[in-house]
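Reading through the structure tokens given below for one structure.
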Amino acid sequence: MVTPDPQPHFSPPSASISCYQRHCSLVWSFLQQTPKAMEVEVKLRLPDAAAHQKLTDLLSPFHTQTLIQENIFFDGSNSELSSNLAILRLRFYDVDRRCVLSLKAKPVISGGVSRVLELEEPFDPVLGRVCVAEPWRLTAVDSSDILKRVREEYSVGGGQGFVCLGGFRNVRGVYKWKGLKIEVDESIYDFGTCYELECESSNPDRDKQVLENLLEENGIRFRYSEVSKFAIFRSGKLPE
């Protein structure tokens with residue numbers, strides 16, 4: 001996925017500079033209608049259930065909600081998405097209370113900070129379950145801007161169209177602490193369970209230090225996350 005150049009380059013039509021300027025304005029306006037959002041998160045991995053329990057007990061006065069999530073991933077039948085460092089995800093909340101469709105691309109994680117291009121939109125949970133059972137039906141969904149983008153930018157639609165890769169469950173505790181929204185995850189894979197602290201941030205270096213101090217001052221062991229939950233799922237084994 002390529003971020004649009006904020007200054008499109010065209011050769012001015014000889015007939016009229018004003019027509020050229022209007023043309024540029026229209027093109028840039030169109031590109032801005034579908035921006036790609038950059039998600040930036042601090043990600044700190046907890047070593048075991050004991051560390052997870054200690055952290056959630058510490059944060060319990062600041063608890064706002066617990067989310068039961070089921071994450072299901074899709075690719076093109078010819079790996080059109082994964083070969084371009086992109087992935088399509090359906091996330092179901094509290095069984096089928098609601099569902100969100102996401103497209104993530106170009107992930108980078110370094111020093112406990114994750115950056116990834118992400119688009120999200122609500123998706124009908126009933127239709128979502130149908131698409132999990134029969135992934136080819138995603139090609140027929142016309143109401144989704146994300147699926148339209150996937151079909152056009154990644155050419156998913158030939159052959160079998162989409163394939164379901166499976167997924168994992170996640171129990172997410174959400175906490176509001178010192179102006180930060182902290183998410184503490186228990187990710188349950190077929191091959192084991194991982195624990196992680198996440199915090200979306202506009203100033204990740206500052207907030208990472210605040211979170212590190214919290215953990216260190218309370219004797220909670222951690223390390224920087226090196227891979228995403230999706231990468232762990234695809235590897236079929238827990239990080240060492």
In the stretch 152-240, carbon and sulfur make up what percent of the accessible area (probe 1.4 Å)? 43
Strictly over 31 Å apart at the Cα level, which of Lys178/Lys237; Lys148/Lys176; Lys178/Lys229; Lys148/Lys237; Lys148/Lys208; Lys54/Lys106 would you flag in this model? Lys178/Lys237; Lys148/Lys176; Lys148/Lys237; Lys148/Lys208; Lys54/Lys106
Probe 1.4 Å, accessible area per residue of the stretch 154-235, Å²: 49
Accessible area per residue, Å², the stretch 91-131 with all protein chains present, probe 1.4 Å: 46
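The values are calculated or read from the model by the stated rules, or taken from the named source; none is laboratory data. Predicted, not measured: the structure shown is a model, and the values here were computed from it. The protein model used for the area step is the full one, side chains on, heavy atoms only, and it has no ligands, DNA or RNA in it. Shrake-Rupley method; radii C 1.70, N 1.55, O 1.52, S 1.80 Å.
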